[in-house]
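Below is one structure, written out as structure tokens; the observations come after it.
Bear in mind these aren't lab numbers, they're just calculated from the coordinates by the rules spelled out. Every value quoted in this text rests on a predicted model; they were computed, and no experiment measured them. Note that we place each Cβ from the backbone using ideal geometry, even for glycine, and neighbour counts take in every protein chain shown.
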Amino acid sequence: MTRQEFLARIRSEVRRSPGRFAASVSERPARPGLVAETLRRELSERWPETLERFRREFERVGGAFHRVATIDDAAGEVRRIAAAHGARRIVTWHPEALGADLGSALAAGGLAVEAMPPGALGAGGERSALRARIAEGDLGVTGADLAIAETGTLVLVSGAGRPRSTALLPPCHVAVLDRGALVESLQQAGIFLEAWHDGEPAAWRGAAIHFVTGPSRTADIELTLTRGVHGPRDVHAVFVETPFRG
């Protein structure tokens, strides 16, 4: 089969697919930072509806949703999640990156807790050694820079004190967030992505932006679905009603 025949066959099959819609490119805002600030104010007025939609979609893709009153309550919820999964070794973002220090409260529950170092890592051995320790963790605790209600997706930006491996290598991932992370749609998330990349990048920011939509799923050629092959088997979101991140 030639390339032209192959593409023609794809076009023919696509034409028969139901529910197609016209695609369009969103216009990039001239001043994305200002647009993001306006959007954030608007979202602050309707966060309960946004949260409910996020919960529904997050659970639909296999996530487990939890809601607590304060950040102090979040530590207790993480301990309960750890107990349910038989987790003993916890790795967390650095307190400055997370927006709170949960280490003492988690350790008081008998868990072994390691917080990520606050600064940038050196190349080679230092980075590899940290990644190896993270891989030995039973549960990784992170924040969430965005939570997209439309798809139940968590968005995590890598950087100093918040390596992406914290959410990828342990078999269980717990993201702690408040209403400031909530956005309604992928289009709104795109505005924040533009704002983050407008002008000079923040000194702490890394190179990766990680979109998490439920637990890791992998299917082989026989369509046998397996969880946890290329990421965590279980993903939890702990929503804190009282805002705790600046």
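Assigning unit charges at the beta carbon (Lys, Arg +1; Asp, Glu -1) and nothing else, what dipole magnitude in debye, to the nearest 20, does segment 204-246 show about its Cα centre?
200 debye
For Ala64, enumerate residues with amide H under 5 Å from its amide H, sequence gap 5+ or separate chain, H modeled in the peptide plane.
Val235, His236, Ala237
Once phi is turned into ³J(HN,Hα) by the Karplus curve 6.51 cos²θ - 1.76 cosθ + 1.60 with θ = phi - 60°, what whole-Hz value does each residue of segment 76-93 show in order, with x for glycine and proline?
Values per residue, Gly and Pro as x: x, 5, 5, 4, 5, 5, 4, 5, 5, 9, x, 8, 10, 9, 10, 10, 10, 4 Hz.
In degrees, nearest 10, range 0 to 90: what is the angle between the Cα axis of helix 125-135 and the longest Cα principal axis of the chain?
In the chain, helix 125-135 runs at an angle near 90 degrees to the longest axis.
Return the ratio Rg/(2.2 N^0.38 Å) for the chain, where Rg is computed over Cα atoms only.
Output field value: 1.12.
Please give the contour-minus-distance gain from Arg80 to Arg131: 0.36 nm per residue of separation, less the Cα-Cα distance, rounded to one decimal in nm.
Working it through step by step, the gained length comes to 15.8 nm.
What list do you get for Asp178, Asp138 if you sort them by fewest beta carbons within 10 Å?
Listing Asp178, Asp138 from fewest to most nearby Cβ atoms yields Asp138, Asp178.
At 0.36 nm per residue, and after removing the present C-alpha to C-alpha distance, how many nm does the segment from Thr2 to Ser185 gain when stretched out fully?
Fully extending the segment from Thr2 to Ser185 adds 61.9 nm.
Nearest 10 degrees, 0 to 90: what angle lies between the long axis of helix 47-60 and the longest principal axis of the chain (Cα atoms)?
For helix 47-60, the angle is close to 80 degrees.
Can you give me the distance in nm between label points at Ser17 and Thr224, each placed 7 Å from the Cα along the Cα-to-Cβ direction?
It works out to 2.8 nm between the two label points.
With a cut-off of 8 Å between alpha carbons and a minimum separation of six or more residues, what is the relative contact order of segment 69-122 in percent?
This gives 39 percent for segment 69-122.
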